[in-house]
1. Mind listing the phi-derived Karplus ³J(HN,Hα) values for region A:159-175, rounded to whole Hz, using 6.51, -1.76 and 1.60 with θ = phi - 60°, and x for any glycine or proline?
2. Kindly provide the pair-distance distribution of chain A built from C-alpha pairs, with 5 Å bins from 0 and whole-percent values in order of increasing distance.
3. How far is it, in nm, from the label point at residue B:55 to the one at residue B:169 when both lie 7 Å from their Cα along the line to the Cβ?
4. Going from the alpha-carbon gyration tensor of the protein assembly as shown, what semi-axes, largest first and in whole Å, does one get by taking the root of 5 times each eigenvalue?
5. Residue by residue through region B:39-54, which ³J(HN,Hα) values in whole Hz follow from phi under the Karplus form 6.51 cos²θ - 1.76 cosθ + 1.60 (θ = phi - 60°), with glycine and proline marked x?
6. Just to verify a number: FRET efficiency for residue A:31 and residue A:57, C-beta to C-beta distance, R0 = 22 Å, to 0.05?
7. Just grab the label-to-label distance for residue B:117 and residue A:65, each label 7 Å out from Cα along the Cβ direction, in nm (one decimal).
8. Pull up all non-local amide H partners of residue A:5: gap of 5 or more, or a different chain, and H-to-H distance under 5 Å with H placed in the peptide plane.
Amino acid sequence: MSNETAKRPTGTAAVAPVGILAAVATVAIGVVGVHDALQAAGAVRGPSWTEWLAGRLETIQPGGWMIPAGIIAVVVGLYFLVAALKPRRVTHSAVGRDGVWIRRRDIARLAAESAESVDSVVSATAKSRRRTVRLTVRATGDTDRVATDVDTTVRERLAILSPPPRIRRRVVEED
Amino acid sequence: MGRGVIAVDRVVAFVLGVGLVAAGAGGLGWRFDLIPDAPERLRFSWLADATRTAWWPWATGAAGVLLVLIGLIWLIRHFRSRGVRRLQLAGSDHTGLLTADAKAAATAAGDRLTQTAGVRSSSGRMVSDRGQLVAELNLTIEPTADLGTVQAAAEQTSHDLHRIVGRDDLHHRVQLHVARHEKTPARVR
């Protein structure tokens, strides 16, 4: 019997909204086709939509509309290309090495709580990026001593993360 | 959302992206006369002729039904639950099947973890994730919780779950969420 850990948790793929949009567009194009078949059979009144479109496309020549349409097509096309090639976002850091994970914002909460437990600290806020936790600490008294204590406390608290994050902290003296 | 539908999305987005960039750049180049020997106009009269034929409504109808079906299946696949309801257990053979309520097994494992100091609540489920059968436990822990204690308990419970279920293809994942505020009385420092 194995004790396999699952793959790392990831965010939603950036391409998913494009896929949903394309699926809706596919249904919409299908509805146009069904409408025209029903229109030809006399079940639906009004003109044929594909015949109207084919009439508009019969002759195409350069015009002013091509400037905004061309720019929009290039921009949307580039967005689609980036979304197609972008890997899924990494959202969690490992706690230990056996399938336990924690989100970055939660690492920030733990770091802030640890910093607030240090003597002379009035308040602490934290932000967690890919490999770094940035702390802003408001404290009274000897800020150098507070900085060292915050470093030690937060580092010890987050040492179990794999890999442990770098700690960047700023201590602001409270008036 | 499974791997298959994401792969389809990527291929379609790539093809559409290349097509849109090419069409957009081509249109701009044509408008500003940057394409040498470009024709003054493009004619697609064959398309208008085709729409007036007898077979056109049949073709659009058949293609339309097909596209609606493909589009709906594609759309539904994006929102399909990854959850696994029942697990076939080790020991099943031609004489009978041993099955277990997958969610109940994961939930029970999560419930056991709530007895660990610093774990406020839990939820568990079995999911099919990127080709793996995964027991996924989500724990909400107190901001003051000891990560080492929670990690050790989570690992032990995961191993127990593997042993109880007894399936070689089972994987586990424990995700920790930290509560905004302490619920239990503050510990003495």
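A short reminder: the numbers here are calculations on the coordinates, not readings from a lab. Predicted model only: the values in this text are computed from it and were never measured. Cβ coordinates were reconstructed from backbone atoms using ideal geometry, including for glycine residues, and neighbour counts include every protein chain displayed.
1. Each residue of region A:159-175 in turn: 4, 6, 5, 10, x, x, x, 6, 9, 10, 9, 10, 9, 9, 6, 7, 6 Hz.
2. Per 5 Å bin, starting at 0, the Cα pair percentages come out as 1, 7, 10, 10, 9, 8, 8, 7, 7, 6, 6, 6, 5, 4, 3, 2, 1, 0.
3. 4.6
4. Numbers: eigenvalues 609, 209, 47 Å².
So the three semi-axes of the protein assembly as shown are 55, 32, 15 Å.
5. x, 6, 8, 10, 10, 10, 5, 4, 5, 5, 5, 5, 5, 9, 7, 6
6. Details: r = 20 Å, r/R0 = 0.89.
For residue A:31 and residue A:57, the calculated efficiency is 0.65.
7. 7.3
8. Placed amide hydrogens put B:172 under 5 Å from residue A:5.
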